[in-house]
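Any read-out appearing in this document is the output of simple, stated calculations on the displayed coordinates, not a laboratory observation. Everything numeric here is computed off the predicted structure, so don't read it as measured data. Cβ placement follows ideal geometry from the backbone for every residue including glycine, while neighbour counts extend to all protein chains displayed.
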Amino acid sequence: SNKGIQLYNQSFIAKNESTSNFSQNVSSSKSEESEISEIVKLSSEDPKKAEKLCMSLGDENNDKCMSGIAQNTKDKEYCSKIRAIAVRDGCYASLALEGNYSICKYIDDVYLREACYSLKSDNPKDA
């Protein structure tokens, strides 16, 4: 039964270590999220500087950051700098939802592009 207790203690310690690693990762992603939101706020005043700051982030965060700048500035050029196709399409789609349906043509995903065009036909006054 001593071996059983030792095994239990070891697995308990291992669980605690993985939990603390997990919480460290969560807190670092929280700080990355707040960094991205700060950069996005900056894009209202200085979009070029904000773009440079986005570029200094890793790929995934760079994409989130560029998408944020595009939403904030309503400028599709920032969507075009997003590497991940799904994120880029989402960026274009959200700008199209603002009523700029000419952006639909930039969406790679066929179904999303069709949905975008169907929104345009639902709102002919916005076209």
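Numbers at a glance
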| quantity | calculated |
| --- | --- |
| For the range 36-127, the Rg and Dmax computed from alpha carbons only, in angstrom | 13.4, 41 |
| Phi-based couplings in Hz for the range 39-54 (Karplus 6.51, -1.76, 1.60; Gly and Pro marked x) | 5, 4, 4, 4, 4, 5, 9, 9, x, 5, 5, 4, 4, 4, 5, 4 |
| Positive minus negative residues near C79 (Lys, Arg vs Asp, Glu; Cβ under 13 Å) | 0 |
| FRET efficiency, 1/(1 + (r/R0)^6) with R0 41 Å, evaluated for A115 and E35 via beta carbons | 0.80 |
| The range 52-101: relative contact order as a whole-number percent, Cα under 8 Å and 6+ apart | 30 percent |
| Rounded FRET efficiency, nearest 0.05, which uses the C-beta distance separating D108 from S44 and R0 of 35 Å | 0.80 |
| Among the listed pairs K52/K74; K52/K76; K41/K105, those beyond 26 Å (Cα-Cα) | K41/K105 |
| Stretch gain in nm, segment I85-N100, where the contour uses 0.36 nm per residue and the Cα spacing is subtracted | 3.4 nm |
| Reciprocal of mean inverse Cα separation for the range 87-127 (Kirkwood radius, Å) | 9.7 Å |
